[in-house]
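All remarks here apply to the structure that follows.
The values are calculated or read from the model by the stated rules, or taken from the named source; none is laboratory data. These numbers were taken from a predicted model, which means no experiment stands behind them. No Cβ is skipped: glycine too gets one built from the backbone with ideal geometry, and neighbour counts run over all protein chains shown. Side chains are part of the model used for accessible areas, which takes the heavy atoms of the whole protein and leaves out ligands, DNA and RNA. Shrake-Rupley method; radii C 1.70, N 1.55, O 1.52, S 1.80 Å.
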Amino acid sequence: MQLIGRAWKFGSNVDTDVIVPARYLTTFDPGELARHCMEGIDPTFSGKCARGDLVVAEWNFGCGSSREHAPIALAGLGVSCVIAKSFARIFYRNAFNLGLPVVEAPEDMIDGIQTGDQLEVDLSNGILTDRASGRSASLPPIPPFMQDLLAAGGLIPYLRNRLSGSRNSLPS
């Protein structure tokens with residue numbers, strides 16, 4: 001899977017309440033959540049971010065509560081991937097469960113990326129390229145099971161596909 005888009009750079013410890021403020025947690029509608037995505041950092045972000053763009057962050061992206069609303073808001077806005085030095089583990093897993101690719105990238109690569117840079121992420125081969133600088137970095141491989149989740153569009157579609165076959169096809 002190859003993703004190409006403009007980078008939106010954020011700092012460290014971007015928590016789920018900043019990604020989508022708690023006052024909007026009364027809905028799971030991706031479109032509604034997308035309108036408020038990153039509102040706590042940049043109230044105009046949802047109007048500037050285009051489908052296919054990528055969010056880039058420093059350390060501990062998605063920390064805070066375990067709400068699924070945060071990756072739903074990002075995906076609903078059309079963010080194709082989140083790249084960071086590190087993720088809060090529950091956000092990382094929620095993102096894959098909802099079909100949103102997230103990848104950890106080397107510190108020096110993230111440090112060189114600026115908002116507006118054109119990025120290319122090759123998830124299949126584990127390569128991040130910043131087209132603005134021409135720099136590339138290897139990414140840790142995404143485990144096959146999690147690649148299957150992304151290909152299916154998330155955990156629920158993955159399980160629906162598996163269950164529509166036979167019960168014997170479920171992973172052991």
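Could you look through the stretch 91-107, keep only residues that are in contact with a strand residue (DSSP E or B) (Cβ under 8 Å, 6 or more places away or on another chain) and part of a helix (DSSP H, G or I), and pick out the one that is most open to solvent (accessible area, probe 1.4 Å)?
92
Determine, yes or no, whether residue 41 is open to solvent by 50 Å² or more (accessible area, probe 1.4 Å), of a type in the set (A, V, I, L, M) and assigned to a loop (DSSP other than H, G, I, E, B).
So residue 41 fits the description; yes.
Please name all residue pairs, on different chains or six or more residues apart, with Cβ atoms under 9 Å, provided the first residue is in the stretch 35-52 and is under 17 Å from residue 7 (Cβ atoms) and in contact (Cβ under 8 Å) with a residue 12 or more places away in the chain and the second residue is open to solvent by 40 Å² or more (accessible area, probe 1.4 Å) and not in a loop (DSSP other than H, G, I, E, B).
Sorted first by the residue in the stretch 35-52, then by its partner, the pairs are 49/6; 50/6; 52/4; 52/6.
Just the residues that are in a helix (DSSP H, G or I) and either within 13 Å of the chain's Cα centre (by Cα) or among the polar types (S, T, N, Q) (or both), please, taken from the stretch 1-19.
16, 19 - these are the residues of the stretch 1-19 that are in a helix (DSSP H, G or I) and either within 13 Å of the chain's Cα centre (by Cα) or among the polar types (S, T, N, Q) (or both).
If you check 88, 132, which single one turns out to be of a type outside the set (Asp, Glu) and open to solvent by less than 20 Å² (accessible area, probe 1.4 Å)?
88
Of the numbered conditions (1) more than 14 Å from residue 79 (Cα to Cα); (2) modelled with pLDDT of 95 or more; (3) touching a helix residue (DSSP H, G or I) at 6+ places or on another chain (Cβ under 8 Å), residue 49 fails exactly one; give the number of that condition.
Residue 49 satisfies every listed condition except (1).
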